[in-house]
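Below is one structure, written out as structure tokens, with a few remarks after it.
Values quoted throughout were computed directly from the atomic coordinates according to the rules given, and no laboratory measurement underlies them. Worth saying up front: this structure is predicted, and the values here are computed from it rather than measured. All Cβ positions, even for glycine, are placed from backbone atoms using ideal geometry, and neighbour counts span all protein chains on display.
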Number of protein chains: 2
Amino acid sequence: MSRTIEFFFDFGSPTTYLAWTQLPRIAAECGATIEWRPMLLGGVFKATGNASPVTVPAKGRWMAGDIARWAERYGVPFAFNPHFPINTLTLMRGAVGVQLRWPQDLARYVEAVFRAMWVEPRNLGEPEVLAQTLASAGFDAGFTDIVADPEVKAALIANTEEAVRRGVFGAPTMFVGDEMFFGQDRLEFVREALGASAETD
Amino acid sequence: MSRTIEFFFDFGSPTTYLAWTQLPRIAAECGATIEWRPMLLGGVFKATGNASPVTVPAKGRWMAGDIARWAERYGVPFAFNPHFPINTLTLMRGAVGVQLRWPQDLARYVEAVFRAMWVEPRNLGEPEVLAQTLASAGFDAGFTDIVADPEVKAALIANTEEAVRRGVFGAPTMFVGDEMFFGQDRLEFVREALGASAETD
């Protein structure tokens, strides 16, 4: 019965970027809406005992080629960020803050950050580069205030804790109702879950 | 130019079972042959620093459902083996030994073991259960000799070392020429690689 895709994401994950390039189209085709759930992947790793795949060097090498293959299949630009991994705390607080304070700007914020991270790609761990990136997307002084807002900080922690409680161990993770899908390579299953729920409506 | 799929496998991996249910059909459709490469997944994990996904409990829980979804999509039987993980040393030596001594029986051996492990499922870590399983597939006394054969033991080690040298970090892993594909969820890419190599022949 759910026509919503909950999208638990962290900008630091290249496969999450890939999922983001496809999800809006899938949602549109299925008549579903995306519920954006910013979380801190580092917090998820810490809570679950999981780790980035690149901590196994052979896996990291294979993944670079695998992501390139998927980007080609999807027909989307991708450049592995040479500054990876980048601390995304401010960026994820920003996502929560924009969602709370300027919800109409969230899509633009998410696009600006994903592009800067995985297309251009920039070192968003550098405060100056980050400020410049956000300013050129129209996010200026007010942004500094929202990422420092205790309510915003607490909301990001709450999202991350909820994710872990519901079984999330990595990113991207999508939920359709209670059904959980991990990985950009499971989008066809997300589509099927939406189709199935449409049929039972 | 390669019309061969090298299939690095270990019977202990449920996703490798899933790949095995699909590969012969894909090979037939692409006019390719499968080169069976038994390896010891435990050795690969040790050499690469990788570990079974189930070492992260949340990941293991999700994988159980994920494998069930793929089995349903493929239309193949699957039952998670309650004795998992099972030490596969004898089984993998058996694969190498059958391949060396009775190559015409390899397909039957592989099928008997995968079915016993992931369909019935039996505790193949128990010597008695193992012996019974093999006997009912027609592998009897001679089997004990081949798994004790130093040449067989060395060949399994050599396969495992070669896998690691070529970038393998888990199972199943397929090679088409130099291109490596990890996971039963990458079979479409294997098919594309075979198609592409057919076109350039």
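In plain terms, if you count all Cα to Cα distances in chain B and split them into 10 Å steps from zero, the share in each step is 9, 35, 39, 16, 1, 0 percent.
Converting phi to 3J(HN,Hα) with the Karplus coefficients 6.51, -1.76 and 1.60 and the offset θ = phi - 60°, the range A:148-158 yields 8, 6, x, 5, 5, 4, 5, 5, 5, 4, 5 Hz in sequence order, with x at every glycine or proline.
Under the rule of -39500 (n - 2.57) per DSSP H run of 4 or more residues, summed and divided by the residues of chain B, what mean residue ellipticity at 222 nm is obtained, to the nearest 500 deg cm²/dmol?
Working: 9 runs with 116 residues, N = 201.
Using -39500 (n - 2.57) per qualifying helix, the result is -18500 deg cm²/dmol.
Label sites at residue B:141 and residue A:111, each approximated as a point 7 angstrom past Cα along Cα to Cβ, lie 7.6 nm apart. Shape analysis of the range A:89-183 based on the Cα gyration tensor places the equivalent ellipsoid semi-axes at 25, 16, 12 Å, largest first. The share of C-alpha pairs in the protein assembly as shown whose separation exceeds 27 Å stands at 55 percent. Rg and Dmax over the alpha-carbon atoms of the range B:1-117 stand at 14.8, 42 Å. Counting from the shortest, the label point at residue B:80, 7 Å from Cα toward Cβ, is 3.2 nm from the same position in each remaining copy.
Taking a straight line from the alpha carbon of residue B:46, these aspartates and glutamates sit under 13 Å away, with near neighbours fewer than eight places off in the same chain left out: B:161.
Under 1.5 on a/c is rounded, so check that first for the range A:113-164, then, if it is not, pick prolate when a/b is larger than b/c and oblate when it is not; a ≥ b ≥ c are the square roots of the alpha carbon gyration tensor eigenvalues. Walk me through the numbers before you get to the answer.
Numbers: a/c = 2.75, a/b = 1.46, b/c = 1.88.
Since a/c reaches 1.5 but b/c is at least a/b, the shape of the range A:113-164 is classed as oblate.
Quick one: of the DSSP bridges fully inside the protein assembly as shown, what percent are antiparallel, nearest 5? Roughly 55 percent of the DSSP beta bridges within the protein assembly as shown come out antiparallel.
Under the definition of partner shielding as Cβ atoms of other protein chains within 10 Å of a residue Cβ, what is the mean value for peptide B:165-176? Present the calculation step by step, with values, prior to reporting the outcome.
Numbers: counts 0, 1, 6, 2, 8, 4, 0, 0, 1, 0, 0, 0.
Counting other chains' Cβ atoms within 10 Å and averaging over B:165-176 gives 2.
Per-residue 3J(HN,Hα) values for the range A:32-41, derived from phi via the Karplus relation 6.51 cos²θ - 1.76 cosθ + 1.60 with θ = phi - 60°, read 10, 10, 9, 9, 7, 10, x, 9, 9, 4 Hz in sequence order (x marks Gly and Pro). Percent antiparallel among DSSP beta bridges with both residues in chain A, to the nearest 5? Expressed as a percentage, antiparallel bridges in chain A total about 55.
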